[in-house]
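Reviewing the structure listed below.
Readers should treat all values here as calculations from the given coordinates under stated rules, not as data from a laboratory. Since the structure is predicted, the reported quantities are computational estimates derived from the model, not experimental observations. Note that each Cβ is placed from the backbone with ideal geometry, even for glycine, and that neighbours are counted across all protein chains shown.
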Amino acid sequence: MKVVVLGCGGLGQIHANIYSKLEGVELTGVCDLQTELADNISAQTGAPAFYSFEHMLENAEFDAISITLPSYLHKEYTLLAAKARKHVICEKPIALSLEDADEMINGCKTNGVRLFIGHVVRFFPEYASLKESLDSGAIGRACVSHASRVGPHPGDAKPWYKDHERSGGVIVDLMIHDLDFLRWTMGEVKSVYAMQYQNEQLEYALATLQFENGSIANVEANWGFPGPFHTKAEIAGNAGVVMTNSLKSSSLQIHKHPSGETAPTVSIPESPAFKSPYALELEHFIECIREGTEAIVTASDAYKALELAHAALESARTGKPVQL
């Protein structure tokens, strides 16, 4: 299986390094308009560097492409790759609008290629264990869930994050992780009620989901928190509670106000697991292409997660719950 990576930022570097070590996979190209980024990953992996998608398409042989570009470019390059009959592994969110997401899904179907969206939380062992605890009946019937995702503002490192026309803001880019996880775990959502606050340094959102099975979830997302990126999740059932907290994997935490210095890169979630969730995810997607099997997270799931994010945006704008 020959694979290339388009976009050589933080996640592009992760994808490229995983492919370069993955058995049965050959990394045949890395591409970025910023030549130094492409050259850096090329030096790390030995894969040829390209500085435009068109040049890579003409000169690199590949079966699949990882698209690790900013969110507003997902649709454009997914459709170009699909037209070239390449399977697409695209980072989340699938797109910024439901219309664009629909076009991406249909474009890949029309051209007979697979589309995978990197909702990586499903591959974090601690989150998979939360779902397993509920599915097994160990905590009884789910009643109330909480999930939060908190960290520095990525816009301090990459200004496009602060442009909601390009990133979708904290709900579409960050909260969407937990929206996908909760729908996967708890089932379909009946209604969404959300609030949002934003200033120069901070973007905060809180959403309450009501599921068709009667359970409730509160979801929190925060860009601009004065401390390290961290996540928490908890599911309370009528027979027990199961929870995860990424801060518990380290014995000491220091939280301090920003000094005004800009972080060089965007924070990327990590897991204390032995094997990287990103490696588990990409290995799974490659296997799905080889075997023709259904993925743990489908393009339709990614569409549904975006639908929930847009419902939260609409609720925050109007101050009213949105029925689904």
Per the C-alpha gyration tensor (a ≥ b ≥ c, the square roots of its eigenvalues), segment 153-257 is rounded if a/c is under 1.5, else prolate if a/b beats b/c, else oblate; here it's oblate
With θ set to phi - 60° and the Karplus curve 6.51 cos²θ - 1.76 cosθ + 1.60, what are the ³J(HN,Hα) couplings of segment 204-213 in order, to the nearest whole Hz, using x for Gly and Pro?
10, 9, 9, 10, 10, 9, 10, 8, 5, 7
Along its three principal axes, how long is segment 1-149 when you only count alpha carbons? Whole Å, largest extent first please.
55, 34, 28
Packing-wise, with mean Cβ within 10 Å as the measure, how do 235-248, 5-18 rank, highest first?
5-18, 235-248
If the chain were replaced by its equivalent ellipsoid, with semi-axes equal to the square roots of 5 times the Cα gyration tensor eigenvalues, what would those be, largest first, whole Å?
31, 22, 20
For segment 180-187, Karplus-derived ³J(HN,Hα) couplings (6.51, -1.76, 1.60; θ = phi - 60°; whole Hz; x for glycine and proline) come out as 5, 4, 5, 5, 4, 8, 9, x
With the convex hull built on the alpha-carbon atoms of segment 101-167, volume per residue in Å³ sits at 188
Is segment 191-239 best put as rounded, prolate or oblate by its Cα gyration tensor, with a ≥ b ≥ c the root eigenvalues, rounded for a/c under 1.5, and otherwise prolate when a/b is larger than b/c, oblate when not?
oblate
Residues of segment 112-155 with backbone N under 15 Å of the label point set 7 Å from the Cα of THR208 along Cα→Cβ are 144-147
Want the number for GLN44 to ASN199: 0.36 nm per residue separation, take away the alpha-carbon distance, what's left?
51.9 nm
FRET efficiency, 1/(1 + (r/R0)^6) with R0 25 Å, evaluated for LEU33 and HIS284 via beta carbons
0.25
Name the shape class, rounded, prolate or oblate, that the alpha-carbon gyration tensor gives for segment 1-74, where a ≥ b ≥ c are the square roots of its eigenvalues, rounded holds for a/c under 1.5, and otherwise prolate holds if a/b is larger than b/c and oblate otherwise.
rounded
Hey, what number do you get for the chain at 222 nm if only DSSP H runs of n ≥ 4 count, each worth -39500 (n - 2.57), divided across all residues, to the nearest 500?
-11000 deg cm²/dmol
Can you list residues from other chains, or at least 5 along the same chain, whose modelled amide H is less than 5 Å from the amide H of GLU26?
LYS2, VAL3
A chain fully extended from ILE296 to ALA157 at 0.36 nm per residue, minus the present Cα-Cα distance, gains in nm 46.9 nm
Final fewest-first order of ILE65, ILE296 on the 10 Å Cβ neighbour count is ILE296, ILE65
So between HIS164 and LYS190, what do we pick up on full extension, going 0.36 nm a residue minus the alpha carbon distance?
6.7 nm
³J(HN,Hα), Karplus 6.51/-1.76/1.60, whole Hz, each residue of segment 61-74, x for Gly, Pro
8, 7, 9, 9, 10, 8, 9, 10, 8, x, 3, 6, 9, 4
Give the distance, in whole Å, between the Cα centre of segment 6-25 and the Cα centre of segment 48-116.
16
